[in-house]
Amino acid sequence: MEIEAIRNYCLQFPHVTENVQWGIDLCFKVDGKLFAVMPLEPAPVALSFKCTPENFAELCERSGVRPAPYMARAQWVALDKLNTLPDSELRELLAESYRLVFERLTKKRQQELQRVGTAVAAKRVFGKKRASNHPSKTRGAKASRR
């Protein structure tokens, strides 16, 4: 996968933000918590992300994958190149990284984010504000009560 394809994929997850930190690193976060980091300039690591302990052990045995610098104790891996893994597998691992970080948020915060997501989706579907069907809030309500 190319940088732009990874960026577009990560931004499709709900409540994801991106920002550049540490000079050249494009960071993908959910509620301010990192789930993937990718340098925008040539660097020894092409992409880092969180994974399960099982995947961490399995991936680190593969060529071109290593424990992520500074983040290995939290089960983060680093890819030497963006094409180290097949695109489909990389998508699955990035989705897993997002899920792992989202699930570490408090239950209260998860519910708040999900409510916001539902409200935003409803706003997209129904427009800014739907007219109320309540008689006192419709035009001509006074005339119909007389």
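Throughout, read-outs are computed from the coordinates displayed, never taken from laboratory work. Remember, it's a predicted structure, so these values are computed and weren't measured experimentally. Because the Cβ atoms are built from the backbone with ideal geometry, glycine has one as well, and the counts that use them run over all protein chains shown.
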field: Distance (nanometres) between label positions extended 7 Å along Cα→Cβ at Asp80 and Glu4
entry: 2.8 nm
query: Going highest first, how would you order 32-39, 100-107 by mean Cβ packing within 10 Å?
result: 32-39, 100-107
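Using 0.36 nm times the number of residues separating Thr52 and Glu89, minus their current alpha carbon distance, what extension gain do you get?
Values: separation 37, 0.36 × 37 = 13.32 nm, distance 1.42 nm.
My answer for the length gained is 11.9 nm.
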task: Mind running the shape call on region 4-86? Use the C-alpha gyration tensor, a ≥ b ≥ c as the square roots of the eigenvalues: rounded below 1.5 for a/c, prolate if a/b tops b/c, oblate otherwise.
output: prolate
- line: Label model pair Glu61, Lys33: point-to-point distance (7 angstrom along the Cα→beta-carbon line) in nm is 2.9 nm
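Relative contact order for region 3-126: what is it in percent, counting Cα pairs under 8 Å that are at least 6 residues apart? Mind showing how you got there, number by number?
Values: 161 pairs, mean separation 24.8, N = 124.
This gives 20 percent for region 3-126.
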field: R0 of 25 Å, Cβ-Cβ distance Gln114-Leu11: FRET efficiency to nearest 0.05
entry: 0.85
message: I need the phi-derived Karplus couplings for region 104-109: 6.51 cos²θ - 1.76 cosθ + 1.60, θ = phi - 60°, integer Hz, Gly and Pro marked x.
response: 7, 5, 4, 4, 4, 5
